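The values are calculated or read from the model by the stated rules, or taken from the named source; none is laboratory data. Just so we're clear, the structure is a prediction, and the values are computed from it rather than from any experiment. Cβ coordinates were reconstructed from backbone atoms using ideal geometry, including for glycine residues, and neighbour counts include every protein chain displayed. The accessibility values were calculated without ligands, DNA or RNA, using every heavy atom of the protein model including side chains. Shrake-Rupley method; radii C 1.70, N 1.55, O 1.52, S 1.80 Å.
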Amino acid sequence: KAINALSSLPFVEYAERMPKHRFIQQPNDSLYGYQYYPAMIGADSAWTYYDQQSVKDSVIIGIIDTGVDPLHEDLSSAMFVNPGENGIDSIGNNKSANGIDDDKNGFIDDWQGWDFASGIDPVKGDNRAVPGHLHGTHVAGIACAITNNQKGIAGIARNHRILPVKVGLDDSNAVNVTGGYEGILYAAMMGADIINCSWGSPPSSVEEQEIVIEALQYGSVIIGGAGNDQSDMAFYPASYRGIVSVAAICPDTMKAGYSNAHATVDISAPGAFINSTVLC
């Protein structure tokens, strides 16, 4: 209103809101210097834009993987907490451990994700989506490691939230996926804006495609790795209709030698020599 009023005055040439500018800063995370990929994909420019926005809604990123370490110093404050299973219930018990499905979503006490490959209850699963294998913690760090905390790395999705969905066995050496598509659907139902699937295999099925279509109805964007078999073949879930399939490239922007390449690949992203929240 003030700008319009000033602009209408005959002796005022123009009136405008002055923009606020910031110095371009490199994150202060101790290992940021070892991360080539944020600059390669333009993340630094995106962070500058994000910092200038007055409204910053948290994006929920479902990590469908081997579980995520919720106590990791570079991840702990980035973990999603289900508001329907958090706080105190009507009789004074903690909702996260009262044995009641407080939010009535079919999962009891799922205050911070779900374990579909549970060694405790292989049929129903349990609410401890903590790692067996460290793969999921590595993936979560690439996405959401806390930025500007003077520790570790800088996650690409600054100030957003990790929803851990465990689909790997408790064994630290296990690499088989159990309940992956149930995990995708769960993450979608929980409101995940992005669902990441860094796993898969060449075989496909009608049932899995139908589950993917159902999950997409919730508004999630599902991302799948194109596979690391150095082959020109479809790889699922990445190659299912509606999923964004991502192949890996090296720092020189050439395809990583191990990455699959297929007509169903939608985009490429840095995938080699990636430092994250676990040693590998």
Checklist entry - Where residues in segment 182-206 are touching a residue at least 24 places away in the same chain (Cβ under 8 Å) and in a helix (DSSP H, G or I), which of them is most open to solvent (accessible area, probe 1.4 Å)? => result E182
Checklist entry - Taking segment 36-76 as the search range and keeping residues that are more than 17 Å from the chain's Cα centre (by Cα) and β-branched (V, I, T), which one is farthest from I156 (Cα to Cα)? => result V55
Item to check | Subset of segment 53-71 [within 26 Å of V130 (Cα to Cα) and either open to solvent by less than 40 Å² (accessible area, probe 1.4 Å) or aliphatic (A, V, I, L, M) (or both)] | outcome: V59, I60, I61, G62, I63, I64, D65, T66, G67, V68, P70, L71
Next on the checklist: Of all residues being of a type in the set (V, I, T) and more than 18 Å from the chain's Cα centre (by Cα) in segment 236-280, which is most open to solvent (accessible area, probe 1.4 Å)? Just the residue, please.
Outcome noted: T253
Checklist entry - Among (1) touching a strand residue (DSSP E or B) at 6+ places or on another chain (Cβ under 9 Å); (2) surrounded by 24 or more Cβ atoms within 10 Å (Cβ to Cβ), where does A145 come up short? => result (1)
Item to check | Selection within segment 1-52 - closer than 30 Å to G271 by Cα, open to solvent by less than 60 Å² (accessible area, probe 1.4 Å), out of contact with any strand residue (DSSP E or B) (no Cβ under 9 Å at 6 or more places or on another chain) and assigned to a loop (DSSP other than H, G, I, E, B) | outcome: P27, D29, Q35, G42
Checklist entry - In the set D126, D103, D115, which member is surrounded by 13 or more Cβ atoms within 10 Å (Cβ to Cβ), within 20 Å of Y186 (Cβ to Cβ), free of Cβ contacts under 8 Å to residues at least 60 places away in the same chain and within 18 Å of the chain's Cα centre (by Cα)? => result D115
